[in-house]
1. Considering only residues that are assigned to a loop (DSSP other than H, G, I, E, B) and surrounded by fewer than 24 Cβ atoms within 10 Å (Cβ to Cβ), which ones fall in region 47-95?
2. Given the residues G49, G77, G54, G110, which is the only one that is under 17 Å from C18 (Cα atoms) and at pLDDT below 90?
3. Kindly indicate whether any position in region 146-157 is modelled with pLDDT under 90, of a type in the set (S, T, N, Q) and crowded, with 18+ Cβ neighbours inside 10 Å.
4. Can we say N21 is of a type in the set (S, T, N, Q), open to solvent by 30 Å² or more (accessible area, probe 1.4 Å), closer than 21 Å to T159 by Cβ and modelled with pLDDT of 95 or more?
5. Taking V98 and the conditions (1) open to solvent by 20 Å² or more (accessible area, probe 1.4 Å); (2) at pLDDT 90 or above, which numbered condition does it fall short on, given that it satisfies the others?
Amino acid sequence: NTGADPFTGDEAKGGGLCLHNSNALVVGNTIAHNSGYPEGNSGLARGGGVYIAGGAPVLRNNQIVGNFASYSDDGKGGGIASFDANPVIEGNTIAGNVASRCLRARNDDGGQPCRDVEGQGGGIFVGGGTPVIRFNRIAGNNAGNVRNSGGGGVNLENTTNAVLLGNEIVDNLDGSNG
């Protein structure tokens, strides 16, 4: 699946699942191999697997694997991106997801589109709100390979009283910030 914002065309939100002001209970699903790629040549990619805006949804015992939030302007939350929401994210496997943006095109190397990429929150990105992130396995996620990347596993920005409890956060990659 590929998610694109129906209103602007230049934002991709939730390749697999998009929750706006929702208190949904999302339990026991496989959310895999989805992508958030905006239309056109640039844009914002947020939540390759799951995008959350507002509300207090519960994501429990899901497999969120192999999703991509990637494009030229901004890539946040390869597995899950949450903005100004209060989600409970518990008991999930969040693995092998990628959040990135292309910094330098590489036209001379066999068609590879980028050589330097940065992203925020390969596994989970949270921008605002009060998330509860507990008892998850967050492994093998990627937020890019350059200095401004952040949170290969989890990136929290502008959050208040975030709770991270009992997670296994292992083998994630980013350029320098954790």
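1. Listed by number, the residues that qualify are A56, P57, N61, G66, S72, D73, N86, G91.
2. G77
3. Looking through region 146-157, at least one residue is modelled with pLDDT under 90, of a type in the set (S, T, N, Q) and crowded, with 18+ Cβ neighbours inside 10 Å.
4. When the stated conditions are applied, N21 passes them.
5. (2)
Table: residues versus (1) modelled with pLDDT of 80 or more; (2) open to solvent by 40 Å² or more (accessible area, probe 1.4 Å).
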position: D116; (1), (2): no, no
position: G121; (1), (2): yes, no
position: I124; (1), (2): yes, no
position: G127; (1), (2): yes, no
position: V132; (1), (2): yes, no
position: N136; (1), (2): yes, no
position: N142; (1), (2): yes, yes
position: V170; (1), (2): yes, yes
position: D174; (1), (2): no, no
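The values are calculated or read from the model by the stated rules, or taken from the named source; none is laboratory data. Values in this document were obtained by computation on a predicted structure and should not be read as measured data. Using ideal geometry, Cβ is built from the backbone for each residue, glycine included, and neighbour counts are taken over all protein chains shown. Ligands, DNA and RNA are stripped out before the accessible areas are found, and what is left, the full protein with its side chains, is counted by its heavy atoms. Shrake-Rupley method; radii C 1.70, N 1.55, O 1.52, S 1.80 Å.
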